[in-house]
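This report refers to the structure that appears directly beneath it.
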Amino acid sequence: MAKIKITKVKSAINRTQRQKRTLEALGLKKIGQVVEHDDTPNILGMVNKVKHLVSLETK
């Protein structure tokens with residue numbers, strides 16, 4: 001399975017509770033933090049919900 005790198009690039013301040021929880025579920029807490037996940041439909045759906053707060057890089 002392919003891997004993707006997700007980087008938090010914007011703050012979650014003034015965002016909905018759902019978006020904040022999605023970022024936390026992805027493992028992102030601080031700006032600039034990078035996490036690596038498998039390229040599954042669940043992860044891609046979460047990334048799509050917060051695409052304006054993160055950057056995505058495929059490996």
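Odds and ends about this structure:
- Looking only at region 32-59, and only at residues there that are among the β-branched types (V, I, T) and part of a strand (DSSP E or B), the one that is farthest from the chain's Cα centre (by Cα): T58
- Residue in region 14-37 that is farthest from K3 (Cα to Cα), counting only those that are of a type outside the set (K, R) and surrounded by 14 or more Cβ atoms within 10 Å (Cβ to Cβ): Q19
- Within the option set T7, T40, being touching a residue at least 12 places away in the same chain (Cβ under 8 Å), loosely packed, with under 13 Cβ neighbours inside 10 Å and under 15 Å from L56 (Cα atoms) holds for one residue only, T40.
Values in this text are rule-based calculations from the coordinates and carry no lab data. This one's a predicted model, so the numbers in the text were calculated from it and none came from an experiment. Please note: Cβ atoms are built from the backbone with ideal geometry, for glycine as well, and neighbour counts cover all protein chains shown.
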